[in-house]
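Everything on this sheet refers to the single structure shown next.
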Amino acid sequence: MQREIVHKLEDMSIRLADSHAHIDLEDHFPDQAAVLRRAREAGVLLVINVATGLTDAAQVIATARTSPGIAAVIGVHPHGAGAMTDQDLAALDSLAADPKVVAIGEIGLDFYRRRSPEAVQQQWFRRQLEFAVAHKKVVVIHTREATPVTLSILREYRGQILGGVMHCFDGSPTEAHAFLDLGFYLSFSGPLTYPKAGLLREVAKKVPLDRILVETDCPYLSPQPWRGKRNEPAYVVATAQQLADIRGLTLDEVAAATWSNTLAVFGLEEAAVLAPEETANP
Ligand SMILES: [Zn+2]
Ligand SMILES: [Zn+2]
């Protein structure tokens, strides 16, 4: 199946966007240059590279500066909220001014792993939402077993936040509607391809086509043909193909829609994304 998909891509010269990847996560991509080359060969010409905290934020920006078709998202993941300080927010402040930074994220709540206390997660989620508002950036939201609280906090900022992406969406139709109503895009990842994800496929079938994104969340959550292996941006094609299958569309149509949605939500110009590597900043 992997070969079939890759061949199909070569034939059709499709453009795909991976709306959420962690290619600078420590130790996971020692072969980053090869990973990015495979992504381009597979037609994945835009990768939104998301920092998990201050440890990788500067590197995520550096990668966006030196590699074509990569944009940076910086922020502190809810796992890191327990250790977050005012100094960290100040450090983010100087980084967020970089033109390669297109959003603040991933921020939100994770009550599944609960690596940081709930109240502390909520506090830093609010403060980073306010930070995004101050910087006029959209946000990338992470929520796990915390959707009702995530939604009620986002509603507090309705009219202030500029929207963004609910990444790795795996909620109910009601939750999908609530995020859409707040102006968010919904991004689907590898689990959409899993045999037991029937309910999620039902949801993905009905989300308006102009509000859907696809992502890998690599190195995690590999889609079905590569399940159990390290994930990488090239594999986003499997999730896009799944979306095409459940909606009765061609891969080409899903690629085109999710490509332009990714450009739209992150405020990117296609010409700039497709431009050859700029001469590296000193
Ligand atoms: Zn996440
Ligand atoms: Zn992520």
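The values are calculated or read from the model by the stated rules, or taken from the named source; none is laboratory data. Computed from a predicted model, the values in this text were never measured in an experiment. Reconstructed Cβ throughout: ideal geometry from the backbone, glycine too, with neighbour counts over all protein chains shown.
Of everything in the range 104-121, what is in contact with a strand residue (DSSP E or B) (Cβ under 7 Å, 6 or more places away or on another chain) and part of a helix (DSSP H, G or I)? Give them in sequence order.
Correct list: Q121 only.
Considering only the range 17-55, state which residues are surrounded by fewer than 20 Cβ atoms within 10 Å (Cβ to Cβ) and within 15 Å of ligand 1 (Cβ to nearest atom).
L25, H28, G53 - these are the residues of the range 17-55 that are surrounded by fewer than 20 Cβ atoms within 10 Å (Cβ to Cβ) and within 15 Å of ligand 1 (Cβ to nearest atom).
What's the number of the condition D88 fails, among (1) within 26 Å of S189 (Cα to Cα); (2) surrounded by 15 or more Cβ atoms within 10 Å (Cβ to Cβ); (3) among the charged types (D, E, K, R)?
Checking D88 against (1) within 26 Å of S189 (Cα to Cα); (2) surrounded by 15 or more Cβ atoms within 10 Å (Cβ to Cβ); (3) among the charged types (D, E, K, R), the one that fails is (1).
What residue, of A146, A176, A119, is farther than 20 Å from A51 by Cα, within 16 Å of ligand 2 (Cβ to nearest atom) and surrounded by fewer than 24 Cβ atoms within 10 Å (Cβ to Cβ)?
A146
Within the range 240-248, can one find any residue that is in contact with a strand residue (DSSP E or B) (Cβ under 6 Å, 6 or more places away or on another chain) and either modelled with pLDDT of 95 or more or part of a loop (DSSP other than H, G, I, E, B) (or both)?
Looking for residues that are in contact with a strand residue (DSSP E or B) (Cβ under 6 Å, 6 or more places away or on another chain) and either modelled with pLDDT of 95 or more or part of a loop (DSSP other than H, G, I, E, B) (or both), one finds at least one in the range 240-248, hence yes.
Can you pull out every residue in the range 59-91 that is more than 13 Å from ligand 2 (Cβ to nearest atom), in a helix (DSSP H, G or I) and under 13 Å from I23 (Cα atoms)?
Q59, I61, A62, T63, A64
Quick test for you: out of K136, K196, pick the one residue that is on the phi > 0 side of the Ramachandran plot and free of Cβ contacts under 8 Å to residues at least 40 places away in the same chain.
Step by step, each of K136, K196 is checked, and only K136 is on the phi > 0 side of the Ramachandran plot and free of Cβ contacts under 8 Å to residues at least 40 places away in the same chain.
P191: assigned to a helix (DSSP H, G or I) and within 15 Å of ligand 2 (Cβ to nearest atom), yes or no?
Yes, satisfied.
Regarding the range 237-247, can at least one residue be identified that is touching a helix residue (DSSP H, G or I) at 6+ places or on another chain (Cβ under 7 Å) and more than 19 Å from A42 (Cβ to Cβ)?
There is at least one residue in the range 237-247 that is touching a helix residue (DSSP H, G or I) at 6+ places or on another chain (Cβ under 7 Å) and more than 19 Å from A42 (Cβ to Cβ).
Here are the criteria: (1) over 21 Å from A72 (Cα atoms); (2) in contact with a strand residue (DSSP E or B) (Cβ under 9 Å, 6 or more places away or on another chain). Tell me which single one P223 does not satisfy.
(2) is the only condition that P223 fails.
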